[in-house]
1. Give the residues of segment 140-176 that are in a strand (DSSP E or B), open to solvent by 90 Å² or more (accessible area, probe 1.4 Å) and modelled with pLDDT under 85, sorted by residue number.
2. Restricting the search to segment 152-169, which residues are within 15 Å of the chain's Cα centre (by Cα) and either hydroxyl-bearing (Ser, Thr, Tyr) or over 17 Å from Phe37 (Cβ atoms) (or both)?
3. I need the full set of residues from segment 20-43 which are among the small types (Gly, Ala, Ser) and touching a residue at least 40 places away in the same chain (Cβ under 8 Å), in order please.
4. Which of the residues that make up segment 23-55 are open to solvent by less than 50 Å² (accessible area, probe 1.4 Å) and either out of contact with any Phe, Trp or Tyr (no Cβ under 8 Å at 6 or more places or on another chain) or modelled with pLDDT under 90 (or both)?
5. Restrict the check to segment 80-90 and report whether at least one residue is out of contact with any Ser or Thr (no Cβ under 8 Å at 6 or more places or on another chain), modelled with pLDDT of 80 or more and on the phi < 0 side of the Ramachandran plot.
6. So in segment 112-135, with the set limited to residues that are assigned to a loop (DSSP other than H, G, I, E, B) and surrounded by 15 or more Cβ atoms within 10 Å (Cβ to Cβ), which one is modelled with the highest pLDDT?
Amino acid sequence: MKKIEGILRDQRAASFPLTICMVLSLMILFCGISEYFRLQNIAAGVREAVEDAVITVVNDNYAGVYHGVREGYSGSYQAFGGGWEETLNEGDIYSYLDSTLGTRLSGGRHVKFAGDHNNATEYAIDSLAVTIRNAPLAPSDPRNAQRFEAEAEVALEVPVRFGGKVLPSVQMHLKVQAGYTEVF
């Protein structure tokens with residue numbers, strides 16, 4: 001420790017290489033932290049867009065669900081023949097994501113390109129799975145019955161860039177859920 005203090009106090013510019021080393025270390029650390037925050041921002045933005053799309057699916061099914069609740073039943077059912085049939089709409093989540101996030105179909109995945117370049121991928125979304133759980137028809141215990149819910153899961157792939165190079169991509173699975181709850 002005394003040797004480093006001596007180098008720093010020395011007037012012959014011996015501390016110049018140490019100063020450069022410290023500045024470069026801090027710059028590398030800052031670049032790593034900023035890349036981490038970039039990945040977190042992309043994941044949060046995509047997750048919010050998927051959540052909005054799932055809420056849209058729930059809203060698209062509102063008329064059927066509300067009708068069932070109003071008539072004393074629950075769920076999205078419609079009389080058909082001699083019984084009841086589910087009437088569910090899964091919506092077009094990819095179309096919603098394309099318009100919201102600016103992605104477009106490329107190679108079977110919905111890709112967001114960085115800037116005007118068509119070769120620099122910012123992120124890619126694929127493997128969308130939508131699950132709609134309808135509320136039961138005329139439940140015996142309405143307070144504890146399954147509510148109408150829509151759930152979506154997507155795979156997000158974000159290329160990692162560091163030092164001017166593209167490193168292996170980070171792959172995340174984002175899962176969101178929205179449901180219909182009666183207000184009365």
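1. Just the residues of segment 140-176 that are in a strand (DSSP E or B), to begin with: 149-162, 165-176.
So of that shortlist, the ones also open to solvent by 90 Å² or more (accessible area, probe 1.4 Å) come out as 165-166, 168, 171, 173, 175.
Correct list: Lys165, Val166.
2. Scanning segment 152-169 gives Ala152, Glu153, Val154, Ala155, Glu157.
3. Let us first name the residues in segment 20-43 that are among the small types (Gly, Ala, Ser), namely 25, 32, 34, 43.
Passing the criteria: Gly32, Ala43.
4. Kept after step one, since they are open to solvent by less than 50 Å² (accessible area, probe 1.4 Å), are these residues of segment 23-55: 32, 35, 39, 42-46, 49-50, 53-54.
Within segment 23-55, Gly32, Glu35, Leu39, Ala43, Ala44, Gly45, Val50, Ala53, Val54 qualify.
5. Kept after step one, since they are out of contact with any Ser or Thr (no Cβ under 8 Å at 6 or more places or on another chain), are these residues of segment 80-90: 80-85, 89-90.
The next check asks that each one be modelled with pLDDT of 80 or more; those that pass are none.
Among the residues of segment 80-90, not one is out of contact with any Ser or Thr (no Cβ under 8 Å at 6 or more places or on another chain), modelled with pLDDT of 80 or more and on the phi < 0 side of the Ramachandran plot, which makes the answer no.
6. For segment 112-135, the residue satisfying everything is Asn134.
The values are calculated or read from the model by the stated rules, or taken from the named source; none is laboratory data. Quick caveat, the model's predicted, so the values are computed rather than measured. Using ideal geometry, Cβ is built from the backbone for each residue, glycine included, and neighbour counts are taken over all protein chains shown. What goes into the accessible areas is simple: the full protein's heavy atoms, side chains included, and nothing from ligands, DNA or RNA. Shrake-Rupley method; radii C 1.70, N 1.55, O 1.52, S 1.80 Å.
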